[in-house]
Amino acid sequence: MRKRKYYNDLFAEYPDLVTVKQFARMLGGVNEKTAQKLLRENKVKSFFIKTTYQIPKKYIIDYILSDSYQNYKEKLKAQV
């Protein structure tokens, strides 16, 4: 499993709070609806302010390093 520093460096260009569109890009270009589903299911901690999600970059890295994300990636590999 990759270390947090690797992802901090990889996502350095992103702001500390990202949008759903940016979040989707950070996950390798998944569909925005898929990114929203992950947020609705509370897989990634976020804030819903007025009509939009704001996701702290730290929480995205936490998700990527989690077992939940590893299982998600395995499902994608099986479908390819």
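Using a probe of 1.4 angstrom, how much of the accessible area of the chain is carbon and sulfur, in percent? Its accessible area is 51 percent carbon and sulfur atoms. Across the stretch 6-80, Cα pairs under 8 Å and at least six residues apart give a relative contact order of 30 percent. The phi torsions of the stretch 55-68, fed into the Karplus equation with coefficients 6.51, -1.76 and 1.60 and a -60° offset, translate into couplings of 10, x, 4, 4, 6, 5, 5, 4, 5, 4, 7, 7, 5, 4 Hz, rounded to whole numbers, with Gly and Pro shown as x. A simple rule links phi to the HN-Hα coupling: the Karplus curve 6.51 cos²θ - 1.76 cosθ + 1.60 with θ = phi - 60°, which for the stretch 16-29 gives 5, 10, 10, 8, 4, 4, 5, 4, 4, 5, 5, 8, x, x Hz, with x for Gly and Pro. Here, the chain yields an orientationally averaged convex hull projection of 5.3 nm² when only Cα atoms define the hull. A cut-off of 5 Å between modelled amide H atoms, ignoring neighbours fewer than 5 places along the same chain, links TYR53 with VAL20.
The values are calculated or read from the model by the stated rules, or taken from the named source; none is laboratory data. Given the structure is predicted, the values throughout are model-derived calculations rather than measurements. We work out accessible area using only protein heavy atoms, side chains counted, and drop any ligands, DNA or RNA first. Shrake-Rupley method; radii C 1.70, N 1.55, O 1.52, S 1.80 Å.
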